[in-house]
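This report refers to the structure that appears directly beneath it.
The values are calculated or read from the model by the stated rules, or taken from the named source; none is laboratory data. Not measured: the values here are computed from a predicted model. For neighbour counting, all protein chains shown are included, and Cβ atoms are generated from backbone atoms with ideal geometry for every residue, glycine included. The protein model used for the area step is the full one, side chains on, heavy atoms only, and it has no ligands, DNA or RNA in it. Shrake-Rupley method; radii C 1.70, N 1.55, O 1.52, S 1.80 Å.
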Amino acid sequence: MFELSDSARDKVNKCGEDFSCLSGRQGPVCAPEFILSDEILFVKKARERSCDYFVAFGNSGICRCPARIELFKQYKV
């Protein structure tokens, strides 16, 4: 199970997955590729999904979810 700071959790107001990324059971919702300037996480486009923080970008995607970004920076997942 992953932990998330209160400040990051408070910034996430559009999570349709009910913080499933924190459970550790399925791993993060989107697999990371790399992070750019601590705010934009490039992720592998694993499946078509509806997420207010996800933007398709070629064969990958961009994740701007504060929770997902913190998980990557803290746990490298």
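Quick notes on this structure:
- Matching residues in region 57-77 - criterion: being touching a strand residue (DSSP E or B) at 6+ places or on another chain (Cβ under 8 Å) and more than 19 Å from SER23 (Cα to Cα): PHE57, SER60, GLY61, ILE62, ARG64
- Residues satisfying the stated conditions in region 34-54, i.e. farther than 18 Å from SER20 by Cα and open to solvent by less than 80 Å² (accessible area, probe 1.4 Å): ILE35, ILE40, PHE42
- Any hit, region 3-12, residues being modelled with pLDDT under 85 and buried (at least 17 other Cβ atoms within 10 Å of the Cβ): no
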